[in-house]
Amino acid sequence: MLQVLLVRPGSTEYDRQGRIQGNLDIPLCEAGSQQVERLLGEVETHGLVAIYTGPGQAAKQTAQMLAVKTELATKTVLKPKSLASLANLNHGLWQGMLIDDVRTKQPKIYKRWQVEPQTVCPPQGESVSAARQRVQESLAKITRKRKTGTVAIVVANPLASIVRHLLTGDPLCDMWNPSNQVARWELIEPAVPAPLR
């Protein structure tokens, strides 16, 4: 049986400042590296057979730290595979803005963003449905290639929420909940293989 260890990277300076990061390529900050160290102290390697990561620096750094932990614990050498299709959502003109600025300047859109994220597309950004499609295609390839064992997928929020939604079938809402943002992990048994819909 296949299991997915879904890992959200540690924080970046943008996370610390409350800014919308989107798919901007920002590394872990010092606190983010420490968060990942603590996170890896909680994570058992669960017999990892592969590590997939988004292309952003924070995700790749977190995936590399997970690979080192796996090697130390199990003597298994895994090289994280970066997939462009696991890039975080492109938030267009919102990238770099403070979340509070969007909340105060566009309160109705912000509320919809929280409750029904699939109905909002940031100006010049990517819709949730477009991101969902590309992630679904990646998950389908991963589940075809890996039938058993545990694969780690290291992606930042809000993309991590989309991955979780596709694997569990749970509703997609509140993708920007601060408690879901950084340095978290969960082990998921996919409800169904990720078919293309």
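Worth a mention:
- When residues of the stretch 62-73 are limited to those that are surrounded by 18 or more Cβ atoms within 10 Å (Cβ to Cβ) and of a type in the set (A, V, I, L, M), the one farthest from Glu30 (Cα to Cα): Ala67
- Unique residue being among the hydroxyl-bearing types (Ser, Thr, Tyr) and surrounded by 14 or more Cβ atoms within 10 Å (Cβ to Cβ) when the list is Thr12, Thr76: Thr12
- Any hit, the stretch 32-52, residues being in contact with an Asp or Glu (Cβ under 6 Å, 6 or more places away or on another chain), part of a helix (DSSP H, G or I) and either under 30 Å from Cys121 (Cα atoms) or among the aromatic types (Phe, Trp, Tyr) (or both): no
- Test: residue in the stretch 20-32 that is free of Cβ contacts under 8 Å to residues at least 24 places away in the same chain and either under 26 Å from Lys141 (Cβ atoms) or open to solvent by less than 30 Å² (accessible area, probe 1.4 Å) (or both): yes
- Check on Ala59, surrounded by fewer than 17 Cβ atoms within 10 Å (Cβ to Cβ) and either under 24 Å from Val102 (Cα atoms) or in contact with a strand residue (DSSP E or B) (Cβ under 6 Å, 6 or more places away or on another chain) (or both): no
- For Val49, the criteria (1) in contact with a helix residue (DSSP H, G or I) (Cβ under 9 Å, 6 or more places away or on another chain); (2) open to solvent by 30 Å² or more (accessible area, probe 1.4 Å); (3) among the β-branched types (Val, Ile, Thr) hold in every case but one, which is (1).
- Total residues in the stretch 184-197, condition open to solvent by 50 Å² or more (accessible area, probe 1.4 Å), at pLDDT 90 or above and aliphatic (A, V, I, L, M): 1
- Residue in the stretch 62-73 that is free of Cβ contacts under 8 Å to residues at least 24 places away in the same chain and either on the phi > 0 side of the Ramachandran plot or not in a helix (DSSP H, G or I) (or both) present: no
- For the stretch 86-183, the helices (runs of 4 or more DSSP H) that sit wholly inside it and include 3 or more residues that are over 19 Å from Ile26 (Cβ atoms) and open to solvent by 40 Å² or more (accessible area, probe 1.4 Å) are 99-105, 107-115, 128-145.
- Checking every residue in the stretch 124-144 against the condition of being at pLDDT 90 or above and touching a His at 6+ places or on another chain (Cβ under 6 Å) gives at least one match.
- Flag for Glu37 being of a type outside the set (Val, Ile, Thr), surrounded by fewer than 19 Cβ atoms within 10 Å (Cβ to Cβ) and touching a residue at least 40 places away in the same chain (Cβ under 8 Å): no
The values are calculated or read from the model by the stated rules, or taken from the named source; none is laboratory data. A quick note: this is a predicted structure, and the numbers were derived from the prediction, not measured. Here Cβ is always computed from backbone atoms with ideal geometry, including for glycine, and neighbour counts include all displayed protein chains. To get the accessible areas, we keep the full protein, side chains included, count just its heavy atoms, and leave off ligands, DNA and RNA. Shrake-Rupley method; radii C 1.70, N 1.55, O 1.52, S 1.80 Å.
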